[in-house]
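Read the structure below first, then the notes.
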Amino acid sequence: MQTYVALLYSIILGEGRRVVMADLKAMAEGLGLKKVRTLVATGNLVFETEETSIAALERRLEAAFEKAFGKHVDIIVRGAEDWLSLAAGNPFPGESAEAGDQVAVRVMRKPAPVDAVAALQAYAAAHEKVLSVGGDIWVVFSRERPSSRLLAATSHKRLGIGTSRNWNTVRRLAEMVGG
């Protein structure tokens with residue numbers, strides 16, 4: 001058995017409707033996934049299953065989600081070792097220790113285009129930072145600005161399919177998969 005992390009792009013089903021984590025867990029268990037656990041109410045799953053391709057797992061989860069909840073949602077899957085590598089590769093350890101909620105990584109299905117990542121620099125405020133590590137985009141958001149232009153710039157259209165998680169969530173998921 002292999003352990004995996006799955007990240008849902010969105011758990012919003014429509015006006016006033018959100019996916020309940022117990023329902024998400026039941027959906028995953030209905031697929032035959034084992035030891036299914038969720039983390040916070042933002043669409044994070046950890047589970048075990050026979051080793052299989054990441055793309056196949058993503059397709060299975062997305063199809064099951066659409067069937068169960070009536071909406072397509074992109075789901076990004078990483079194996080446990082890949083997740084631990086992602087967490088260990090955090091290029092902003094100092095900022096993460098000070099304010100884990102201000103450091104985020106956009107976990108990408110396919111590596112973000114190099115030129116798109118460079119273009120994000122134009123949206124960064126003075127105290128914000130952007131780096132690409134292994135095709136994923138790490139960002140330090142400024143506490144000085146309540147709303148960041150950088151956040152809106154890290155979209156599917158600009159970067160491709162991905163979803164963001166703050167350092168606190170990344171770290172806790174790493175702990176759940178054994179790191």
| task | Using the structure shown, decide if PHE92 is among the aromatic types (Phe, Trp, Tyr) and farther than 24 Å from THR38 by Cα. | result | yes
| request: Would you mind telling me which numbered condition in (1) in a loop (DSSP other than H, G, I, E, B); (2) buried (at least 17 other Cβ atoms within 10 Å of the Cβ) VAL77 fails? | output: (1)
| request: Please state which one of VAL139, VAL117, VAL130, VAL107 is modelled with pLDDT of 95 or more, under 19 Å from the mean Cα position of the chain (by Cα) and either open to solvent by 30 Å² or more (accessible area, probe 1.4 Å) or among the aliphatic types (A, V, I, L, M) (or both). | output: VAL107
| Residues (closer than 15 Å to PRO111 by Cα, in a loop (DSSP other than H, G, I, E, B) and not hydroxyl-bearing (Ser, Thr, Tyr)) located in the stretch 125-179 | GLY134, GLY135, GLY160, ILE161
| Is it true that some residue in the stretch 19-28 is of a type outside the set (Phe, Trp, Tyr) and not in a helix (DSSP H, G or I)? | yes
| What pairs come up if the first residue lies in the stretch 163-177 and is more than 14 Å from ALA6 (Cβ to Cβ), the second is open to solvent by 50 Å² or more (accessible area, probe 1.4 Å), and their beta carbons are under 7 Å apart, counting only those six or more places apart or on different chains? | ASN166/ASP101; ASN168/ASP101
| remark: Restricted to the stretch 100-115 and to residues being touching a Gly at 6+ places or on another chain (Cβ under 8 Å) and without any contact (Cβ under 8 Å) to a residue 60 or more places away in the chain, the residue nearest to ILE137 (Cα to Cα) is ARG106
| request: Quick one: which residue in ALA63, ALA68, ALA97 is without any contact (Cβ under 8 Å) to a residue 12 or more places away in the chain and over 30 Å from LEU131 (Cβ atoms)? | output: ALA63
| said: Based on this model, can you work out whether GLU95 counts as farther than 21 Å from ALA41 by Cα and charged (D, E, K, R)? | reply: yes
| task | Tell me, please, whether a residue that is open to solvent by 30 Å² or more (accessible area, probe 1.4 Å) and at pLDDT 95 or above can be found in the stretch 5-18. | result | no
| request: Return a yes/no flag: does the stretch 48-59 have any residue that is over 17 Å from the mean Cα position of the chain (by Cα), surrounded by 13 or more Cβ atoms within 10 Å (Cβ to Cβ), at pLDDT 95 or above and in a loop (DSSP other than H, G, I, E, B). | output: no
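The values are calculated or read from the model by the stated rules, or taken from the named source; none is laboratory data. The shown structure was predicted, so the numbers you read here are calculated from the model rather than taken from an experiment. Positions of Cβ are generated from backbone atoms using ideal geometry, with glycine treated the same way; all protein chains shown enter the neighbour counts. What goes into the accessible areas is simple: the full protein's heavy atoms, side chains included, and nothing from ligands, DNA or RNA. Shrake-Rupley method; radii C 1.70, N 1.55, O 1.52, S 1.80 Å.
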